[in-house]
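Since the structure comes first, as structure tokens, the remarks are kept for the end.
The values are calculated or read from the model by the stated rules, or taken from the named source; none is laboratory data. Given the structure is predicted, the values throughout are model-derived calculations rather than measurements. When we count neighbours, we look across all protein chains shown, and the Cβ atoms used for this are built from the backbone with ideal geometry, even at glycine. Areas reflect the complete protein model, heavy atoms only, side chains present, ligands, DNA and RNA absent. Shrake-Rupley method; radii C 1.70, N 1.55, O 1.52, S 1.80 Å.
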Amino acid sequence: MNLLLILFSLVLLNITNGQSITGTSPSFIRGGNTQLPYFDILGNFQAGTTVTIVANDKTFAVAVADPDAIYSVQLPIFDPPVYSVFLRLAGESQGYILACAYLDNNGFTQDNDMGYITGKGFKYLPGATAYIKDNVVASYHPITVHNDTTLSFKVVPKMGSTLSLYDSWGIVVIVTLAQTVNYNPIIMDIKYYESSFAIYSSVILVSITFNGYQCSITGEVIDEDVYNIACIPAVEILGLEEEFTVVAKDVSGRTTTIVRSFPSKISNTSTDVNGNSILHGSFAPLPTGFKIVGIYSTPLTSISNTSDTIAFNTPDDISCGYVYILANGERITNQVLYCPTPQIVTYNVSNNVFYAVGKYMTGNNFDTFNLQIESSDHPSTCTFKSMVDYTYEIICALNPNFRSAVFVGAFQISGQNIRLNLNNNPTINSISPIIYQKPGIVTIFGRFLKPYYQSGSTEVKIAGSSCSNIVINSDSEIQCLYQSDVPMTNLFEPLEVFYKVEYYFSYSSKLLTYSCPTASSVACTGNGQCELNSICVCTLPWYGDNCSSIDATISSITSTKYGVASQVTITGTNFLPPNIFVTIGGSECESPVAVNTTMISCFFRSNVAADPDTKLQVVVNIGIGNSFKATIFSYLTCVRGRNNNKVCSGHGSCSSDLVCNCEKGWEQSDCSIINPSLTSITSTKYKAPGQVTILGNNFSNYNLMVKIGGSVCTNAIASSDAKSITCLYQSDVATNGENDLLSVYVSIDIYTVAKDLFLYTKPGLTCPNNNNQECSGHGTCNQQQLCICEKGWTNSDCSIKDIGVVIDDPIVNENDTSTTIITPSGTKFDIGLIMVNELNTNNDIIHSFNLNKTNWTQNNDKSLYTATLTNNSTLKVQLTINSLDQYLYYDFAGDTLPILPKSIKYQIELQNWSFGSTQNTLEFIFKSHISESNNECLDSTTAKTSTTSNTGDSNLRSIQMTLNGETLIGTFSDRIVLDSRPTYNKVNQISNERIVLYQLDKSNVYTSIQTSYFKNSVVVDPNFGVLVSSAPDECSNNNGTASWKIAVAVVCSVVGASIIGAAVFMFLKKNSRGKIILLKLKEIKR
């Protein structure tokens, strides 16, 4: 705290020392990159004080030894130039700024009476001491600093051509402008008189223009240094409301341009409701005693004025002219054409002649007044002549039959006009009847009933009694309230109707008759007889006080086709014309005609959408307020079902030509029949409830029920394509063996189908286990004990990684059923069915057929191969290529198999095989091998195979052949179809002993699918595909073994159907293709 007090005391001591820099002499100096002049530092100093000078970031110090001395300073030459110097006491942040002014060569410009000089260093010029001084007038001209580079000063007449920036305090010229100045004319003022302008200038002018129009110079007067030049402007300038540009030129050809305007502005004129004339515009405060001139023989005075209007009385003898405002002899506004608004003083129409007296129609050579009669019946012109009292007599001939006309009188240029609507005498043609002694509204019909003016008067009397509350609906119709109070002895004797309009025109005629009650314009609504005392006697079946009520019925209506407009017929009772109106579903049935009292015919657009089973409401309106309804109309539609009377049995839609478009599976013209069929069904484990999928055709959700072995499969739902059903099976029906089939029963409404199809999953089976992980840890096991692999993994045990490399479609060889799949690295995998053998119970060969020597026939697209073997059996091989770059799932005999992208699926059917014994079996043998490889590191050394079995089964589920990161995968169903019935099969890899026995090539891998005895046919269904599981390795291998994997057969406990054999056969073939592929794959991985 004590330290702070000490510091604070020191600050106070420093302030009270009284030292300061008060200025310099001169107060500013010349700047630039030349040697700066000397300047004196002024202030109060103590000995030992240091003054710091900062210029262009360079710092200089001046030590004060004698406080009474004056210290003159000259700074060195600076580059860049110096335009200000900062002076401060040592240790202080505040100080004094010395301006260093520099004037540009040729930096002088002039804008009328203002001179501008450009340079630098003006920002800190002291306004109190900096002046411009010339070499002739030799007076000081104060400056205005606009920014650091521009200053200005007032230019006065006869200034010298040499200008200097002067310091009045130091009484010294700081810097002189390096330019001989030639001055343009100075326009000091412009005054506007009635017929001429006066321009006050610094010199004699030889040319003056306003907006490019010459102002003719008529003379000049010199008053000391000011020239008063008179000129006559062009008339176009006098009418300008906006600003105009003035250009003045002196004898030497130098010019000055300024922009001026009249002090106040007139925009237009008008006339108010009292007949006063109004000038509209923008008016500055007007001098007392201003006058309105140009339009009358003497100046006019204002009766009121605001900032935007001036009002004055309109004399009767005023005429058109150019009006402007004059004050103290000077014109203070522009001029505009003024014409008074014409007026009609009196007029009448008599004997087809329009006669009028008007005023304010004198154009006075400034405008032309025209008048005419505008009429659609008979356009006509008029004549007029001036009267002694400044009025005009107007006479116009009219067409004797004219309905209406408009008198128009207008000035052509100013547009001031008078319009007068003319109407002929009214006539009354008819009047609506009214009930005697019952007040009510009557409607009068006629011509020319509307007054000329909106506020014009009208009068209606009936038999002398006033008709009140007159309403004018149109020129031909009016209404009023009549009290019906004139006594009558004869109900049918007309009463006189009198009508008067605008005090001028009237009409009377005996037209009104009393009438009976009615709901229309006709007594008794036209449905009865009006008797004396206004009582209606109705014609049956009409009834009521005014005979407007009737009772009708609607019985039936004919149908139409939706969207097709047609005539319809409605039957019922009491259909009496006129005024019949019909709607169907809210849409008008046009042109209704009562054929007789029981039938109406009308035209229906058939445009109301409705469900075929929904009926539309028919509404018949008869007369006034009688409406009858019946919901009975239906469109023509397709045939209704024989079983439920629904359109298309409820199983289809009706087309525009009334033909049923049946839903999938339903047949017949009424969509009433469905013939479901069964193909396969997925499996569950016994006593393990689960969802099953039934495949087939013609399935529907209509009254769908499914049973398996007699047990209801709940929650059955048919797919939208009618090809599958899913349901929840309780798996509660026991079987005698694993190949025993349960009957699958499907009923849809009254239609059923049943077939022995269902197989339980073999008991005790689980999904493949790899390294003690179910589905290799990359999938989940479903109820059929099949692995559902995660994305990016494949094979029956999900052990192979798929890195997503796309390969080409498999190539089907033309001469046999073999197929070649070429990998990205160029390796060729060959697959094919090569042999069919019949074996006895000792596995001895009874019959053998080598298919390499078989003659095949092909269909057009080479997808179906057929051969007849020597024992007269028929062998069919159906080849299906998945050409997509994605996995597909295929059902075979209830077993769902994943199909690799770009893979080949075999379906082999053998028919009419003659077995030597019912105990014999049949086997299909498949070969797989590598026919070519471009890998430089591979040779034809040992090819090994190994199999893995899960608990409960020894059948192969898949087989793998991996070579340098590219894997051929064969996938097999654990089922076959014997005589159209699914059953489990047996899939094995052929042993080396049997390869020798069958005389096959040992370098290949062979797989057999064995079937038991059948009568008619057997079907097996394997699938083969290749995927890239890693980038192919290069030739280096640290352990000295080949960098490829041999075929691996994976055995699992799921539904089995097929066996594939695979063999690895490698060739030593060196080229560079393997390395090129390696580079591409690494690029992908990056």
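Do we find that Ser307 is free of Cβ contacts under 8 Å to residues at least 60 places away in the same chain, assigned to a loop (DSSP other than H, G, I, E, B) and under 14 Å from Ser267 (Cα atoms) in this structure? Against the criterion (free of Cβ contacts under 8 Å to residues at least 60 places away in the same chain, assigned to a loop (DSSP other than H, G, I, E, B) and under 14 Å from Ser267 (Cα atoms)), Ser307 qualifies. When the stretch 189-209 is filtered for residues that are surrounded by fewer than 16 Cβ atoms within 10 Å (Cβ to Cβ) and more than 20 Å from Ile332 (Cα to Cα), the ones remaining, listed by number, are Ile204, Val206, Ser207. Could you say which residue among Val247, Val293, Val273 is within 29 Å of Met159 (Cβ to Cβ) and either loosely packed, with under 12 Cβ neighbours inside 10 Å or aliphatic (A, V, I, L, M) (or both)? Going through Val247, Val293, Val273 in turn, the sole match is Val247.
Taken over the stretch 886-919, the criterion of being within 19 Å of Thr1011 (Cα to Cα), open to solvent by 30 Å² or more (accessible area, probe 1.4 Å) and not in a strand (DSSP E or B) is satisfied by Asn912, Ser914, Phe915, Gly916, Ser917, Thr918, Gln919.
Within the set Asp134, Asp113, Asp104, Asp167, the sole residue that is among the charged types (D, E, K, R) and in contact with a Lys or Arg (Cβ under 7 Å, 6 or more places away or on another chain) turns out to be Asp113.
Okay, residues lined up against (1) closer than 30 Å to Glu738 by Cα; (2) within 50 Å of the chain's Cα centre (by Cα); (3) not in a loop (DSSP other than H, G, I, E, B):
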{"site": "Lys664", "(1), (2), (3)": "no, yes, no"}
{"site": "Ser669", "(1), (2), (3)": "no, yes, no"}
{"site": "Thr679", "(1), (2), (3)": "yes, no, yes"}
{"site": "Ser683", "(1), (2), (3)": "yes, no, no"}
{"site": "Gly696", "(1), (2), (3)": "yes, yes, yes"}
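Restricting attention to the stretch 785-808, the residues that are open to solvent by 40 Å² or more (accessible area, probe 1.4 Å), of a type in the set (A, V, I, L, M) and part of a loop (DSSP other than H, G, I, E, B) total 2.
Examine the stretch 858-869 for a residue that is of a type in the set (Gly, Ala, Ser) and open to solvent by 30 Å² or more (accessible area, probe 1.4 Å), and state whether such a residue exists. Within the stretch 858-869, none of the residues are of a type in the set (Gly, Ala, Ser) and open to solvent by 30 Å² or more (accessible area, probe 1.4 Å).
Would you please name the residue that is farthest from Thr921 (Cα to Cα), looking only at residues in the stretch 847-857 that are assigned to a strand (DSSP E or B) and either open to solvent by 70 Å² or more (accessible area, probe 1.4 Å) or touching a Pro at 6+ places or on another chain (Cβ under 7 Å) (or both)?
Thr857
Here the condition is being under 18 Å from Val692 (Cα atoms) and within 49 Å of the chain's Cα centre (by Cα); of Thr761, Thr780, it holds for Thr780 alone. Exactly one residue out of Cys781, Cys727 is closer than 17 Å to Thr682 by Cα and without any contact (Cβ under 8 Å) to a residue 24 or more places away in the chain: that is Cys781. Within the stretch 579-594, one or more residues are assigned to a loop (DSSP other than H, G, I, E, B), of a type in the set (Gly, Ala, Ser) and either touching a residue at least 60 places away in the same chain (Cβ under 8 Å) or open to solvent by 20 Å² or more (accessible area, probe 1.4 Å) (or both). Scanning the stretch 326-340 for residues that are surrounded by 20 or more Cβ atoms within 10 Å (Cβ to Cβ) and among the β-branched types (Val, Ile, Thr) yields a count of 2.
Cβ-Cβ contacts under 9 Å between residues 6 or more apart (or on different chains), taken from a first residue in the stretch 418-441 that is over 21 Å from Val486 (Cα atoms) and at pLDDT 85 or above to a second residue that is assigned to a loop (DSSP other than H, G, I, E, B) and among the polar types (S, T, N, Q), are listed as Ile418/Thr341; Asn429/Ser476. When the stretch 130-159 is filtered for residues that are surrounded by fewer than 17 Cβ atoms within 10 Å (Cβ to Cβ) and at pLDDT below 90, the ones remaining, listed by number, are Asn135, Val136, Val137, Ala138, Ser139, Tyr140, Lys158. Considering the conditions (1) touching a residue at least 24 places away in the same chain (Cβ under 8 Å); (2) outside any strand (DSSP E or B); (3) under 51 Å from the mean Cα position of the chain (by Cα), Thr614 is excluded by exactly one of them, (1). Scan the stretch 114-129 for residues that are in contact with a strand residue (DSSP E or B) (Cβ under 6 Å, 6 or more places away or on another chain) and surrounded by fewer than 16 Cβ atoms within 10 Å (Cβ to Cβ) and jot them down. If the condition is that a residue be in contact with a strand residue (DSSP E or B) (Cβ under 6 Å, 6 or more places away or on another chain) and surrounded by fewer than 16 Cβ atoms within 10 Å (Cβ to Cβ), then Met114 is the only one that fits. Do the conditions hold for Ser168, that is, is it within 21 Å of Lys120 (Cα to Cα), touching a His at 6+ places or on another chain (Cβ under 7 Å) and of a type in the set (Gly, Ala, Ser)? It is false that Ser168 is within 21 Å of Lys120 (Cα to Cα), touching a His at 6+ places or on another chain (Cβ under 7 Å) and of a type in the set (Gly, Ala, Ser). Checking each residue in the stretch 170-187 for being out of contact with any strand residue (DSSP E or B) (no Cβ under 7 Å at 6 or more places or on another chain) and either without any contact (Cβ under 8 Å) to a residue 40 or more places away in the chain or surrounded by 16 or more Cβ atoms within 10 Å (Cβ to Cβ) (or both) picks out Ile171, Thr180. For the stretch 745-775, the tally of residues that are within 17 Å of Lys687 (Cα to Cα), β-branched (Val, Ile, Thr) and open to solvent by less than 60 Å² (accessible area, probe 1.4 Å) stands at 1. Does Asp756 satisfy being in a strand (DSSP E or B) and within 12 Å of Gly710 (Cα to Cα)? In short, yes. Of the residues examined, Asp657 is one that is more than 14 Å from Asn701 (Cα to Cα), in a loop (DSSP other than H, G, I, E, B) and open to solvent by 50 Å² or more (accessible area, probe 1.4 Å). The strands (runs of 3 or more DSSP E) found entirely in the stretch 329-373 that carry 3 or more residues being free of Cβ contacts under 8 Å to residues at least 60 places away in the same chain are 343-350, 353-359. Taken together, the residues in the stretch 135-169 that are in a strand (DSSP E or B) and within 25 Å of Ser84 (Cα to Cα) amount to 17.
A single entry from Asn607, Asn626 fulfils the requirement of being of a type in the set (S, T, N, Q), at pLDDT below 95 and more than 30 Å from Gly652 (Cα to Cα): Asn626. Candidates are the residues of the stretch 210-229 that are outside any strand (DSSP E or B) and loosely packed, with under 15 Cβ neighbours inside 10 Å; the one that is modelled with the highest pLDDT is Gly212. For residues that are open to solvent by 60 Å² or more (accessible area, probe 1.4 Å) and at pLDDT below 90, scanning just the stretch 809-842, find the one that is farthest from Ser1008 (Cα to Cα). Only one residue fits best here, namely Asp809. Across the stretch 507-526, the qualifying residues are those that are at pLDDT 80 or above and assigned to a helix (DSSP H, G or I), and the one among them that is nearest to Asn626 (Cα to Cα) is Thr525.
Tallying residues that are in a loop (DSSP other than H, G, I, E, B), at pLDDT 90 or above and within 15 Å of Thr817 (Cβ to Cβ) within the stretch 860-877 yields 1.
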